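Working notes for the structure below.
The values are calculated or read from the model by the stated rules, or taken from the named source; none is laboratory data. Please read these numbers as outputs of a predicted model, since none were measured by experiment. Neighbour counts are summed over all protein chains in view; Cβ atoms, including those assigned to glycine, are modelled from backbone coordinates with ideal geometry. Accessible surface is based on the protein model in full, side chains and every heavy atom, while ligands, DNA and RNA are left aside. Shrake-Rupley method; radii C 1.70, N 1.55, O 1.52, S 1.80 Å.
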Amino acid sequence: DYQPASFPRSWLIAPLKARGGAVMGVLVAENLHRERAYEKELQTWFTAAANRVAGTLSSLRLVESLRAVNRVGQRLTAEARQDIPQVLNLIHEQASQLLDARDMYIALYDPGLQELSFPLAYYDGVREDWPTRELRPIGVTEEVIRKGKPLRLDNYLQWYVDRKEDPPIQPPPKSWIGVPLLSGDRVLGVIALQNDEVEGLYSEDDQDILQTMANQAAIAIANARLVERLRAVNEVGQKLTAGVRLKESEILDLIRQQAGRLMDTRDMFIAFYDDTKQEISFPLAYRDDEREAWPSRSANIADLTQGGLTEEVLRAKAPVYPPDVAAWYDEHGIKPAVTPVPKSWLGVPLMVEERVLGVIALQNDEIENLYEPDDMEVLQTMAAQVAVALENVRRYKTLEAANKKIATTQDLLTRS
């Protein structure tokens, strides 16, 4: 603190502005002896010097921060078996060292259910449990998800005012920044920071740091999800192997149960194909998560002008997931059997050697291009296991019937 006798006669101050305009400090010059020591030209030069100093400091901070972020990436890569909660905790730990992460959350996006879950949320430095919720028509988190781009707000409330919408948080924070968790072109979720006290708190450097963290977290989350998918597939195989006497219905329920851990199975069906009768039956069908009884239908899969996507899977003996379902029907000159036509559809064959037993299919009426190659591979792997199990059940039934027939014949011969 200055003593009264040492107060400066002139004083010049310029803000040290980081990229994006956030103030990171000030540069001060003092003259203890002269009043009005700093002329206008000197003030201009001083402001320019402050900008250069701010740029240098900002670059040094960014380099050091990115080095720290890279160390996180190395930990995520080295510990490849981490589950999603461990990944998110590590990201929060690192964010707390580089940024103000007292108010921070990570939202994960489920495109099938159009829902957001919050596996990590901190408010005022205390961890909280936030419930899963549906996507809102307007919201800052939703804006990041829909555009797949960062959003940095110097005035959180004004963003909502401009859209004539009430902010969901009361009282609203002053500053907010969110970046997408991107895996290729797919948005997995959002990492967000907010501050209740200071407007314009976050800089472009903060955005770069947070986005770099998010990029590393997205890779780790995608890897963790792949591990979870492999576990689910292995569990199907183990349960099918252990339950050698499972009924057909139990096998079908098992495949829906396990697939439901990894993808949206609210609209799902399993079709069986009888090539001798040229008929498709539907032993399992769900719509809007409600089980339905679908009638059998005739199916001449040799006729390319008949049937729909289910028949296409049977003909191709390969997965089918058209990017535009309605366009597929128009292109093939086929009238859809179901209206409205689903926005997304994925079907994989139930195959035993070269023989196709049927089809497992998922569909969604609201979202285009919902399914990805990973979904197809998981469902196809499960379908291969299920097909073998179904074939074993049928062979067992055939053998059991033959044995009963032999036993009955032997009994008749003994009595005669």
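Restricted to the stretch 374-383, and to residues that are open to solvent by 50 Å² or more (accessible area, probe 1.4 Å) and at pLDDT 85 or above, which residue is farthest from Ile251 (Cα to Cα)? Result: Glu377. Screening Glu292 against (1) free of Cβ contacts under 8 Å to residues at least 12 places away in the same chain; (2) surrounded by 12 or more Cβ atoms within 10 Å (Cβ to Cβ); (3) not aliphatic (A, V, I, L, M) leaves a single unmet condition, (2). Among the numbered conditions (1) more than 22 Å from the chain's Cα centre (by Cα); (2) at pLDDT below 95, the only one that Leu153 does not meet is (2).
Listed here are the residues, each with its yes/no results for (1) touching a residue at least 24 places away in the same chain (Cβ under 8 Å); (2) at negative phi; (3) among the acidic types (Asp, Glu).
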| site | (1), (2), (3) |
| --- | --- |
| Ala318 | yes, yes, no |
| Val341 | no, yes, no |
| Leu346 | yes, yes, no |
| Leu362 | yes, yes, no |
| Glu366 | yes, yes, yes |
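The set of residues from the stretch 86-129 being open to solvent by 80 Å² or more (accessible area, probe 1.4 Å) and either over 24 Å from Asp206 (Cα atoms) or within 15 Å of the chain's Cα centre (by Cα) (or both) comprises just one member, Asp129. Can you find a residue that is touching a residue at least 60 places away in the same chain (Cβ under 8 Å), open to solvent by 20 Å² or more (accessible area, probe 1.4 Å) and within 18 Å of Ile106 (Cβ to Cβ) anywhere in the stretch 163-186? Yes, some residue in the stretch 163-186 is touching a residue at least 60 places away in the same chain (Cβ under 8 Å), open to solvent by 20 Å² or more (accessible area, probe 1.4 Å) and within 18 Å of Ile106 (Cβ to Cβ). Only a single criterion out of (1) surrounded by fewer than 17 Cβ atoms within 10 Å (Cβ to Cβ); (2) touching an Asp or Glu at 6+ places or on another chain (Cβ under 8 Å); (3) among the basic types (Lys, Arg) is not satisfied by Arg152, namely (1).
Residues checked against (1) over 30 Å from Tyr123 (Cβ atoms); (2) part of a helix (DSSP H, G or I); (3) touching a Leu at 6+ places or on another chain (Cβ under 7 Å); (4) open to solvent by 60 Å² or more (accessible area, probe 1.4 Å):
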{"residue": "Ile191", "(1), (2), (3), (4)": "no, no, yes, no"}
{"residue": "Gln207", "(1), (2), (3), (4)": "no, yes, no, no"}
{"residue": "Ala214", "(1), (2), (3), (4)": "no, yes, yes, no"}
{"residue": "Ala224", "(1), (2), (3), (4)": "no, yes, no, no"}
{"residue": "Asn234", "(1), (2), (3), (4)": "yes, yes, no, yes"}
{"residue": "Lys239", "(1), (2), (3), (4)": "yes, yes, yes, yes"}
{"residue": "Ser249", "(1), (2), (3), (4)": "yes, yes, no, yes"}
{"residue": "Gln257", "(1), (2), (3), (4)": "yes, yes, no, yes"}
{"residue": "Leu262", "(1), (2), (3), (4)": "yes, no, no, no"}
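Each residue in the stretch 148-162 was checked for being in contact (Cβ under 8 Å) with a residue 24 or more places away in the chain and touching a strand residue (DSSP E or B) at 6+ places or on another chain (Cβ under 6 Å), and 6 of them qualify. Residues in the stretch 277-285: is at least one closer than 21 Å to Met382 by Cα, loosely packed, with under 13 Cβ neighbours inside 10 Å and either at pLDDT below 90 or in contact with a strand residue (DSSP E or B) (Cβ under 9 Å, 6 or more places away or on another chain) (or both)? So far as the stretch 277-285 goes, no, none of its residues is closer than 21 Å to Met382 by Cα, loosely packed, with under 13 Cβ neighbours inside 10 Å and either at pLDDT below 90 or in contact with a strand residue (DSSP E or B) (Cβ under 9 Å, 6 or more places away or on another chain) (or both).
Residues in the stretch 193-205 that are crowded, with 16+ Cβ neighbours inside 10 Å and among the hydrophobic types (A, V, I, L, M, F, W, C) were compared, and the one that is modelled with the lowest pLDDT is Leu201. Residue-level check: of (1) open to solvent by less than 50 Å² (accessible area, probe 1.4 Å); (2) of a type outside the set (Ser, Thr, Tyr); (3) free of Cβ contacts under 8 Å to residues at least 24 places away in the same chain, Ala302 misses just (1). Taking each residue of the stretch 32-49 that is under 10 Å from Pro8 (Cβ atoms) and open to solvent by 70 Å² or more (accessible area, probe 1.4 Å) and looking for partners that are in a helix (DSSP H, G or I) and not β-branched (Val, Ile, Thr) with beta-carbon atoms closer than 8 Å, six or more apart or interchain, yields Leu32/Ser6.
Among the conditions (1) open to solvent by less than 30 Å² (accessible area, probe 1.4 Å); (2) out of contact with any strand residue (DSSP E or B) (no Cβ under 9 Å at 6 or more places or on another chain), the only one that Pro322 does not satisfy is (2). Within the stretch 187-205, is there a residue that is touching a residue at least 12 places away in the same chain (Cβ under 8 Å) and under 30 Å from Pro349 (Cα atoms)? Taking every residue of the stretch 187-205 in turn, at least one turns out to be touching a residue at least 12 places away in the same chain (Cβ under 8 Å) and under 30 Å from Pro349 (Cα atoms).
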